[in-house]
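Take a look at the structure set out below.
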Amino acid sequence: MGLPVFRDCCCCELKWGVLTVGIVDIILTLCLGGGNGSGYTGAARIVWFLALVIHVAHIVACVCVIVSVFKPDKRLVIPYLITGICRAIIDTVFLILICLYVRIGDALFLIVIIVAIIVLGIYFWLVIYSWFRKLGGSTPAD
């Protein structure tokens, strides 16, 4: 059994769902990123810096996905698939660090936001993966 493949996204053709995911992902990444990392030390600062680099690369990958909607080419989708996995991993590590070093009550809102970002990111990744398969990546989608 492989990964699930969507035939459509949000009640519209997969192509337009991919365009929506690309735009929404850029907006969310820009809105949720930020800060200068000065409040972090040690491992948290390293994770913050890695997250910054990965999220910037992810924004570039989102632009590539948007371009792939108008110029179908599976090679334009591959950077998103890579940065999406990296982003999910680094966000999970960041969530674990917050749970370990910050009192849960003090960071409950942040924890809920990060979990929502991870879940939404996985859904977005699956939509883009479906687009990759439809464009002829690995094995064709049904």
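In region 63-142, what trypsin sites (Lys or Arg not before Pro) fall in a loop by DSSP, with at most 14 other Cβ atoms inside 10 Å?
Listed in order of number, the matching sites are ARG103.
In what sequence do ILE117, ILE27 fall when counting other Cβ within 10 Å, fewest first?
Ranked by crowding around the Cβ, least crowded first: ILE27, ILE117.
Taking region 14-134, how much of its Cα-Cα pair set, in percent, is spaced more than 25 angstrom apart? Spell out each step's value before the answer.
Values: 1860 of 7260 pairs.
Every Cα pair in region 14-134 considered, those over 25 Å come to 26 percent.
Calculate, in whole percent, how much of the Cα-Cα pair population of region 37-92 lies beyond 20 Å.
Pairs farther apart than 20 Å: 34 percent.
Quick one: net charge around PRO72, please, counting Lys, Arg +1 and Asp, Glu -1 for every other residue with C-beta under 10 Å from its C-beta.
Local net charge: +3.
Averaging sequence separations of C-alpha pairs under 8 Å and six or more residues apart, then dividing by the length of region 14-134, give the relative contact order as a whole percent.
Relative contact order, region 14-134: 32 percent.
A short reminder: the numbers here are calculations on the coordinates, not readings from a lab. Keep in mind the model is a prediction, meaning the values are calculated, not measured. A quick note on method: Cβ atoms are made from the backbone with ideal geometry, for glycine too, and the neighbour counts reach across all protein chains shown.
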